[in-house]
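Notes for the one structure printed next.
The values are calculated or read from the model by the stated rules, or taken from the named source; none is laboratory data. Owing to the predicted nature of the structure, the values given are computational and were not obtained by experimental measurement. Please note: Cβ atoms are built from the backbone with ideal geometry, for glycine as well, and neighbour counts cover all protein chains shown.
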Amino acid sequence: MIKKLKNLYLQEQFNPRFIGLFINPFYFARKGLYRGISELIVQLDGRVLDIGCGHKPYAHLSHAREYIGLELDTPTNRIHKKADYFYDGAHMPFANQNFDNLISNQVFEHVFNPNDFLKEANRVLKMDGKFLITVPFVWDEHEQPYDYARYSSFGLEYLLCENGFEIMEHRKSNNGLEVIFQLINAYLFKITLTKKIYVNLGITLILMAPINLLGLLLAKILPRNDDLYLDNIVLAKKIKDV
């Protein structure tokens, strides 16, 4: 029973549904990412590399023949992440054009040298292979001190094109009033977080769930704004070696 509850809790963190409104302080951010990724990841088949894979929360959505996770080589990552390979953050341990498609979710903002990262991604990807990448635009500093940048749609497109990619589709996740309510909950989460999971759940239920519900209602009524949004969700294609 406890294991089932833990699995449900983890599932609601990345794919929040009705229950997620009440137990996930990042309901809007995770909901938007899951929706965008689930609609685009089906185009990734063959041999797929997940760069910065974490717990591989989206692997089950892909049509990959082989889904391979890559993470930074740290003691923490080796214990807690579901990676198949580890690397030093500079050179990916794969041959040129080794993968049919790539995915990288909420990793790029933690990369200090973005051009080097994209050149490596280009190197291991086959020609005409697809690269699904998500990157925050509006968000607080997180995973400090390894939080280096925020990217507008224009900045992200420029960097991808400079490194051999062509934009196929670019979505702006959470471009309605829910962006404001998500930031309020992110603020509340940071100032109320404890080391006790049940206390955190109680705080979320009392303080943040009402904000989720109000944000959900107002976001359906008021217009969208493409200039203010949480995340970039981009599907690009490799068109040249760099």
So which residues in segment 13-50 are under 21 Å from ILE180 (Cα atoms), modelled with pLDDT of 95 or more and of a type in the set (D, E, K, R)?
ARG30, LYS31, ARG35
For segment 161-178, indicate whether the set of residues that are over 20 Å from the mean Cα position of the chain (by Cα), crowded, with 16+ Cβ neighbours inside 10 Å, in contact (Cβ under 8 Å) with a residue 60 or more places away in the chain and closer than 30 Å to ASP116 by Cα is non-empty.
yes
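Does segment 79-87 contain at least one residue that is surrounded by fewer than 18 Cβ atoms within 10 Å (Cβ to Cβ), within 24 Å of LEU8 (Cα to Cα) and not basic (Lys, Arg)?
Yes, segment 79-87 contains at least one residue that is surrounded by fewer than 18 Cβ atoms within 10 Å (Cβ to Cβ), within 24 Å of LEU8 (Cα to Cα) and not basic (Lys, Arg).
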Within segment 1-99, which helices (runs of 4 or more DSSP H) (wholly inside it) include 2 or more residues that are over 30 Å from ILE211 (Cα atoms)?
75-80
Could you check ARG171 against (1) in contact with a strand residue (DSSP E or B) (Cβ under 9 Å, 6 or more places away or on another chain); (2) farther than 19 Å from ALA219 by Cβ; (3) not hydrophobic (A, V, I, L, M, F, W, C); (4) not in a helix (DSSP H, G or I) and say which number it fails?
(2)
List the number of the failed condition for TYR148; all other conditions in (1) in a helix (DSSP H, G or I); (2) touching a residue at least 12 places away in the same chain (Cβ under 8 Å) hold.
(1)
Contact list, first residue from segment 28-56 and crowded, with 20+ Cβ neighbours inside 10 Å, second anywhere and among the charged types (D, E, K, R) and in a helix (DSSP H, G or I), beta-carbon distance below 6 Å, six or more apart or interchain, is PHE28/GLU178
Got at least one residue in segment 186-201 being at pLDDT 95 or above and within 18 Å of the chain's Cα centre (by Cα)?
yes
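Looking only at segment 79-116, how many residues end up being in contact (Cβ under 8 Å) with a residue 40 or more places away in the chain and either within 26 Å of ARG30 (Cα to Cα) or touching a Ser or Thr at 6+ places or on another chain (Cβ under 8 Å) (or both)?
11
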